[in-house]
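Worksheet for the structure shown next.
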Amino acid sequence: MEYSADEFDVIVVGAGIMGSSTAYQTAKRDQKTLLLEQFDFLHHRGSSHGESRTIRATYPEDYYTPLVLESYKLWQEAESEIGYNVYFKAHHLDMAPANNKVLHAIVESCGKNSVPFRVMNPDQLDREFSGRVRIPEDWVAVATEHGGVIKPTKAVSMFQTLALQNGAVLRDNMEVKGVERDGVRGGVWVCTENGERFWGKKCVVTVGAWTTKLVKTVAGIELPMQPLETAVCYWRIKEGHEGGFAIGVDFPTFASYGDNYIYGTPSLEYPDLIKVAVHGGCPCDPDKRPWEPGNQLAPNTLAPLKEWIEGRFSGMVDSGGPVATQTQLCMYSMTPDEDFVIDFLGGEFGKDVVVGGGFSDHGFKLSPVVGRILADLALSGEAQGVDLKHFRIARFQENPKGNVKDFL
């Protein structure tokens, strides 16, 4: 089929990590691809920028682990094509009280998915990390080789560059205001704020925190996704201990379950600083963010974080307070069950429009496989080797809270 300059096999709306990965996948399959972004490419107003993201295979939901394992391979495949690294290998450590249901579910998931792991008591953990990581007597830790850190902005740039090299057309500062069904020839028209219109056989919508607004405008569907603005904290490693917490030695990425879900990465992006943060954030409107100065954390968030750092790192990390806090680092787009939305929009659009969203602060690591899945859905109508039942839009009609999870 021959196309005019404004006609494409696939139009991807949103050039964050998910959209850029999808455009790379479709262009790589010799599909004429258009990638549209409402702001500048590599902007800092969404969910795909920043200095680091964790990758881990330890999930309490066993349906994510196979996706992570495929993502490791796809990250490395893309790196080999671009010629530089965005993924930096590390082991991973989960820790929690011994009776914690999430940690039990993680162990079960590792077993089901054949992910090797070790369970360590406090004494074993103390010896493993030479006192750098300690847990209370009634806690246990689970260690795996499947951890690591990803450089987010660099990763987005990588996928956009690879998409371009494979023939994709990239356009930024193109805010999409509507998607319309072409009732004559099939396919869809994608309409932008500046009046331009592009025709595509298929369309993939990956607009992060703007998903709810755009999907409601296009199809009248209310998706239960809440944008959250989050804070990320960096803490100073005390003099003489810097090397023991650096990426590339034996220090892991980590997650701690209990009263708070705390996570972090080895020292990488800033010299002698380690990232330790609390999962969560404040509800926001992505178009009306407060943009207040940084270094402001709610006391009920900061106090337990200080206590956790003092108790876990044996005084080797200064727990007096973060030396850098980025309160506008990024937004989460949260679903009630914190599972993704990967589905056809349906209705008059049938299978011509695919939606990927609600990645709930744990999607970045999975962006290579999400891009592969979204490309599969757009091009063939089904995802190869993946059961998407947990990611369907219809689950919220059956239960407004989404998927039921026994460990919560």
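How high is the relative contact order of segment 146-261, given as a whole-number percent (alpha carbon pairs under 8 Å, six or more residues apart)? Spell out each step's value before the answer.
Values: 83 pairs, mean separation 19.1, N = 116.
Reported relative contact order: 17 percent.
Run through every distinct alpha carbon pair of segment 247-387 and return the Kirkwood hydrodynamic radius in angstroms, one decimal place. Mind showing how you got there, number by number?
Numbers: mean 1/r = 0.0552 Å⁻¹.
One decimal place: 18.1 Å for the Kirkwood radius.
Roughly speaking, what is the centre-to-centre gap between segment 166-193 and segment 334-408 when only Cα atoms are used, to the nearest Å?
Centre-to-centre (Cα) distance: 21 Å.
Taking the Cα centre of the chain as origin, work out the dipole magnitude from +1 charges on Lys and Arg Cβ and -1 charges on Asp and Glu Cβ, in debye rounded to 20. Walk me through the numbers on the way to the answer.
On the way: 40 positive and 54 negative charges, 42 e Å.
Dipole about the Cα centre, nearest 20: 200 debye.
Using only the alpha carbons, work out the radius of gyration and Dmax of the chain in angstrom.
Expressed in Å, the Cα Rg and Dmax of the chain come to 21.4, 70.
Among residues other than GLY385 whose Cβ falls under 11 Å from its Cβ, what is the net charge (Lys/Arg +1, Asp/Glu -1)? Display every interim value, and only then the final one.
Values: positive: ARG372; negative: GLU70, ASP376, GLU382, ASP387.
That works out to -3.
If r is the Cβ-Cβ distance from LYS288 to ARG171 and R0 is 22 Å, what FRET efficiency results, to the nearest 0.05? Working shown, then result.
Numbers: r = 25 Å, r/R0 = 1.15.
After rounding to 0.05, the efficiency reads 0.30.
Ignoring the sites themselves, what is the longest stretch of the chain with no GluC sites (Glu not before Pro) in a DSSP loop and at most 13 other beta-carbon atoms within 10 Å? Don't skip to the end; give the middle numbers.
Working: sites that count: GLU2, GLU137, GLU193, GLU196, GLU222, GLU239, GLU382.
Value returned for the longest uninterrupted segment is 240-381.
Can you tell me the equivalent ellipsoid semi-axes for segment 180-255? Use √(5λ) from the Cα gyration tensor, largest first, whole Å. Walk me through the numbers on the way to the answer.
Values: eigenvalues 443, 50, 29 Å².
That gives 47, 16, 12 Å for the three semi-axes.
Which aspartates and glutamates have a Cα less than 17 Å from the Cα of LYS288, not counting those fewer than 8 places away in the same chain?
GLU175, GLU229
Tell me, what is the per residue accessible area of segment 98-244 in Å², probe radius 1.4 Å?
Details: 6690 Å² over 147 residues.
In whole numbers, segment 98-244 has 46 Å² accessible per residue.
Output needed: percent of Cα pairs per 5 Å distance bin for segment 99-239, bins running from 0 to the one holding the longest distance.
Cα pair-distance distribution for segment 99-239, in percent: 2, 6, 9, 11, 12, 12, 11, 9, 9, 8, 6, 4, 1, 0, 0.
So what are the three principal axis dimensions of segment 4-100 from its Cα atoms, in whole Å, longest to shortest?
62, 29, 27
Measure off 7 Å from each Cα along the Cα-to-Cβ vector at HIS241 and SER80, then give the distance between these two points in nanometres to one decimal.
It works out to 4.0 nm between the two label points.
Pop out the Kirkwood hydrodynamic radius of segment 3-55 from its pairwise C-alpha distances, inverse of mean 1/r, in Å to one decimal. Walk me through the numbers before you get to the answer.
Working: mean 1/r = 0.0820 Å⁻¹.
Result for segment 3-55, one decimal place: 12.2 Å.
Roughly what % of DSSP beta bridges within the chain run antiparallel, to the nearest 5?
On the way: 47 of 68 bridges.
Bridges in the chain that DSSP calls antiparallel: roughly 70 percent.
For the chain, set up a GNM with springs between Cα atoms under 10 Å and report which of SER20, SER157, SER333 has the largest fluctuation.
The residue with the greatest mean-square fluctuation here is SER157.
How much accessible area per residue does segment 326-390 have, counting only protein heavy atoms and a probe of 1.4 Å, in square angstrom?
27 Å²
Residue separation times 0.36 nm, minus the C-alpha to C-alpha distance between ASN399 and ARG127: what's the value? Show your work: numbers first, answer last.
Details: separation 272, 0.36 × 272 = 97.92 nm, distance 4.60 nm.
Full extension of this stretch gives 93.3 nm more.
Go through segment 202-285 and name the trypsin sites (Lys or Arg not before Pro) that are in a DSSP coil and have 16 or fewer other Cβ atoms within 10 Å of their Cβ. Let's see the in-between values first.
On the way: sites: LYS202, LYS213, LYS216, ARG236, LYS238, LYS275; in loops: LYS238.
When the trypsin sites (Lys or Arg not before Pro) of segment 202-285 are filtered for loop state and at most 16 Cβ neighbours within 10 Å, LYS238 remain.
Could you size up the charge dipole of segment 265-408 around its Cα centre, putting +1 on the beta carbon of Lys and Arg and -1 on that of Asp and Glu, and report it in debye to the nearest 20? Don't jump to the answer; show the numbers that get you there.
Values: 13 positive and 20 negative charges, 18 e Å.
Dipole of segment 265-408, to the nearest 20 debye: 80 debye.
Any idea how far apart GLU307 and ARG197 come out in nm if each label point goes 7 Å out from Cα toward Cβ?
6.0 nm
Which of the listed residues, GLY167, GLY243, GLY208, is farthest toward the dipole's positive end in segment 163-299, when Lys, Arg count +1 and Asp, Glu count -1 at the beta-carbon?
GLY167
Given a 1.4 angstrom probe, I'd like the percentage of the accessible area of the chain that is carbon and sulfur, rounded to a whole number. All intermediate terms of the calculation are to be shown ahead of the outcome.
Details: 8240 of 16850 Å².
In the chain, the share of accessible area belonging to carbon and sulfur is 49 percent.
Please report the Cα spread of segment 48-136 along all three principal axes, rounded to whole Å, starting with the longest.
Rounded to whole Å, the extents work out to 44, 30, 24 Å.
If one computes P(r) from the Cα atoms of segment 363-408, what percent of pairs lie at distances over 13 Å? Can you show the working numbers first?
Numbers: 674 of 1035 pairs.
Of all Cα-Cα distances in segment 363-408, 65 percent exceed 13 Å.
Within segment 206-237, find all residues whose amide N lies under 14 Å from a label point positioned 7 Å from the Cα of HIS390 along Cα-to-beta-carbon.
Once the point is set 7 Å along Cα→Cβ of HIS390, nothing inside segment 206-237 turns out to lie under 14 Å by backbone N.
The values are calculated or read from the model by the stated rules, or taken from the named source; none is laboratory data. Note that the structure is predicted; figures quoted are calculated from it, not measured. Note: ideal-geometry Cβ built from the backbone for every residue, glycine included; neighbour counts use all protein chains shown. All accessible areas refer to the heavy atoms of the entire protein, side chains included, with ligands and DNA or RNA removed. Shrake-Rupley method; radii C 1.70, N 1.55, O 1.52, S 1.80 Å.
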